[in-house]
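K.L.:
Can you keep this structure in mind? I'll have questions shortly.
The values are calculated or read from the model by the stated rules, or taken from the named source; none is laboratory data. This is a predicted model, so every value here is computed, not measured. Positions of Cβ are generated from backbone atoms using ideal geometry, with glycine treated the same way; all protein chains shown enter the neighbour counts. In case anyone asks, the SASA skips ligands and DNA or RNA and just uses the protein heavy atoms, side chains included. Shrake-Rupley method; radii C 1.70, N 1.55, O 1.52, S 1.80 Å.
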Amino acid sequence: MSVPVLTFFNNKGGVGKTSLVYHLAWTLSQTGRRVLACDLDPQANLTAAFLDEESVEPLWDGASGDHGTTIFKCVAPLLAVGDLLPPALQEITPALRLIPGDLALSGFEDTLSAEWSNALGSSNLYRPFRILTSFWTVMQRGANDMDADIILADVGPNLGAINRSALIATDHVVVPLAADLFSLQGLRNLGPTLKRWRMDWQIRKRNWHDSENEPRFSLPEGRMEAIGYIVQQHSVRLSRPVKAYVKWVNRMPRAYAEDLLGKGNGPFPDTPQNDERCLATVKHYRSLVPMAQENRKPIFDLTSADGAIGGHAAAVNDARKDFRELAKLIINRAGLI
């Protein structure tokens, strides 16, 4: 049985996606879950959050050997005549491990795009499906190695071939949003795209099952079940007064229902706070972010020795409570109790 994959996805950048994956991975691992985080974004921001430059450099530059040191090193043999390499997991804690990202992953995009079409062919389908499901296979191998309960995947903000293969490997999708026009437009793009990818993957799976050669390895279901959205809370800035924030944020419930879920019949909740599909409104914790980055730890683990004193200490406690509540809700929505 495969380990469930939860992906945080929005084709609009700057919505706090990587920070959410990072903090929820820590939260889940600290509350009894064994978590594998996987960085499928060619920008490798999640990797940079977990590992310092001295740790990352040898992973990118070193030879893979019998294991892939990054997600790209695991799939790179498929670009020649080899097969997937199992991942060499980076241990963050005994309950939290990472498959690091790699800037070289962007070079895999054209191959994934070509094999998407080839998977509809009538010739030998082993290579197209091996490539298209490579992310899923690597993540599942890593999860089995560490006996993980859940896999959290971070992806880039686009609708390209890399993200398509990441999403066919995904069971559950959480959509981070900012309160602006661009996030609303992102929902309009995201809903039809997920629906199309889901349907297209089922067509490709049937094509192989209907061919002379049955699949010789497991394939992901490609469920891509949207379990909710998360909205960033506003901060008061001259360029975006509170009034503008309220204008956009209160349009999120209807946009999510119509554009992502395809449910056009109202009535719709008037605010995210009244919308059961809204998992949380997440604070910025702006003053804690640079402190946490400097100490390379989640904001809710900052201590007085890190500079979290006075009001900062109270904010740390608030952050811990907020993320634990969010983690519990996500686990419940995904049916992973």
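K.L.:
For the stretch 68-87, check the following and say yes or no: at least one residue is without any contact (Cβ under 8 Å) to a residue 60 or more places away in the chain and among the aromatic types (Phe, Trp, Tyr).
P.N.:
Keep residues of the stretch 68-87 that are without any contact (Cβ under 8 Å) to a residue 60 or more places away in the chain, which gives 69-70, 72-73, 76-87.
Those left that are additionally among the aromatic types (Phe, Trp, Tyr): 72.
Looking for residues that are without any contact (Cβ under 8 Å) to a residue 60 or more places away in the chain and among the aromatic types (Phe, Trp, Tyr), one finds at least one in the stretch 68-87, hence yes.
K.L.:
Please state which of the following conditions Val282 fails to meet, knowing it meets all the rest: (1) in contact with a Gly (Cβ under 7 Å, 6 or more places away or on another chain); (2) under 26 Å from Glu53 (Cβ atoms).
P.N.:
In the conditions (1) in contact with a Gly (Cβ under 7 Å, 6 or more places away or on another chain); (2) under 26 Å from Glu53 (Cβ atoms), Val282 misses (2) alone.
K.L.:
Given the conditions (1) over 24 Å from Glu294 (Cβ atoms); (2) in contact (Cβ under 8 Å) with a residue 40 or more places away in the chain, and given that Phe50 satisfies all but one, which numbered condition is not satisfied?
P.N.:
Phe50 satisfies every listed condition except (1).
K.L.:
Can you spot a residue in the stretch 304-316 that is at pLDDT 85 or above and either on the phi > 0 side of the Ramachandran plot or among the basic types (Lys, Arg) (or both)?
P.N.:
no
K.L.:
Return yes when Glu91 is under 27 Å from Thr18 (Cα atoms), open to solvent by 30 Å² or more (accessible area, probe 1.4 Å), touching a residue at least 40 places away in the same chain (Cβ under 8 Å) and acidic (Asp, Glu) and no when it is not.
P.N.:
Details: under 27 Å from Thr18 (Cα atoms): yes; open to solvent by 30 Å² or more (accessible area, probe 1.4 Å): yes; touching a residue at least 40 places away in the same chain (Cβ under 8 Å): no; acidic (Asp, Glu): yes.
Answer is no for this residue.
K.L.:
Kindly indicate the residue of the stretch 68-88 that is loosely packed, with under 15 Cβ neighbours inside 10 Å and either of a type in the set (A, V, I, L, M, F, W, C) or within 16 Å of Asn163 (Cα to Cα) (or both) and also modelled with the highest pLDDT among those meeting that condition. Let's see the steps before the verdict.
P.N.:
If we filter the stretch 68-88 for residues that are loosely packed, with under 15 Cβ neighbours inside 10 Å, which is where we start, we get 79-83.
From what's left, either of a type in the set (A, V, I, L, M, F, W, C) or within 16 Å of Asn163 (Cα to Cα) (or both): 79-81.
Working: Leu79: 94, Ala80: 91, Val81: 86.
Step by step, filter the stretch 68-88, then rank; the result is Leu79.
K.L.:
Based on what the data block shows, is Leu167 hydrophobic (A, V, I, L, M, F, W, C), at pLDDT below 95 and either under 21 Å from the mean Cα position of the chain (by Cα) or surrounded by fewer than 20 Cβ atoms within 10 Å (Cβ to Cβ) (or both)? First the steps, then the outcome.
P.N.:
Numbers: hydrophobic (A, V, I, L, M, F, W, C): yes; at pLDDT below 95: no; either under 21 Å from the mean Cα position of the chain (by Cα) or surrounded by fewer than 20 Cβ atoms within 10 Å (Cβ to Cβ) (or both): yes.
Taking the combined requirement at face value, the residue does not satisfy it.
K.L.:
Just to be sure before I move on: is Leu59 within 23 Å of Gly107 (Cα to Cα), of a type outside the set (Phe, Trp, Tyr) and crowded, with 24+ Cβ neighbours inside 10 Å in the structure I sent?
P.N.:
Details: within 23 Å of Gly107 (Cα to Cα): yes; of a type outside the set (Phe, Trp, Tyr): yes; crowded, with 24+ Cβ neighbours inside 10 Å: no.
So Leu59 does not fit the description; no.
K.L.:
Could you please let me know if Cys38 is buried (at least 21 other Cβ atoms within 10 Å of the Cβ) and part of a helix (DSSP H, G or I)?
P.N.:
Values: buried (at least 21 other Cβ atoms within 10 Å of the Cβ): yes; part of a helix (DSSP H, G or I): no.
Criteria not met by Cys38.
K.L.:
Suppose we filter Ala178, Ala143 for residues that are within 27 Å of His284 (Cα to Cα), open to solvent by less than 10 Å² (accessible area, probe 1.4 Å) and either free of Cβ contacts under 8 Å to residues at least 40 places away in the same chain or more than 14 Å from the chain's Cα centre (by Cα) (or both); which single one remains? Walk me through how you get there before you give the answer.
P.N.:
Numbers: Ala143 fails: within 27 Å of His284 (Cα to Cα).
Answer to the selection: Ala178.
K.L.:
A follow-up question, please. Please pick out the residue among Leu219, Leu177, Leu194, Leu190 that is farther than 30 Å from Met252 by Cα, of a type in the set (A, V, I, L, M) and modelled with pLDDT of 85 or more.
P.N.:
On the way: Leu177 fails: farther than 30 Å from Met252 by Cα; Leu194 fails: farther than 30 Å from Met252 by Cα; Leu190 fails: farther than 30 Å from Met252 by Cα.
Within the list Leu219, Leu177, Leu194, Leu190, the selection yields Leu219.
K.L.:
From the set of residues in the stretch 1-57 that are charged (D, E, K, R) and farther than 21 Å from Ala76 by Cα, which is farthest from the chain's Cα centre (by Cα)? Before the answer, list the steps.
P.N.:
Going through the stretch 1-57, the residues charged (D, E, K, R) turn out to be 12, 17, 33-34, 39, 41, 52-54, 57.
Filter once more, so that each one left must be farther than 21 Å from Ala76 by Cα: 12, 17, 33-34, 52-54.
Working: Lys12: 13, Lys17: 8, Arg33: 17, Arg34: 17, Asp52: 21, Glu53: 22, Glu54: 25 Å.
Residue satisfying both the conditions and the ranking: Glu54.
K.L.:
Then there's this: Filter the stretch 287-299 for residues that are at pLDDT below 85 and closer than 15 Å to Ala314 by Cβ; which is farthest from the chain's Cα centre (by Cα)?
P.N.:
Ser287
K.L.:
Okay, next question. Within the bounds of the stretch 289-301, is there any residue that is of a type in the set (D, E, K, R), open to solvent by 50 Å² or more (accessible area, probe 1.4 Å) and part of a helix (DSSP H, G or I)?
P.N.:
yes
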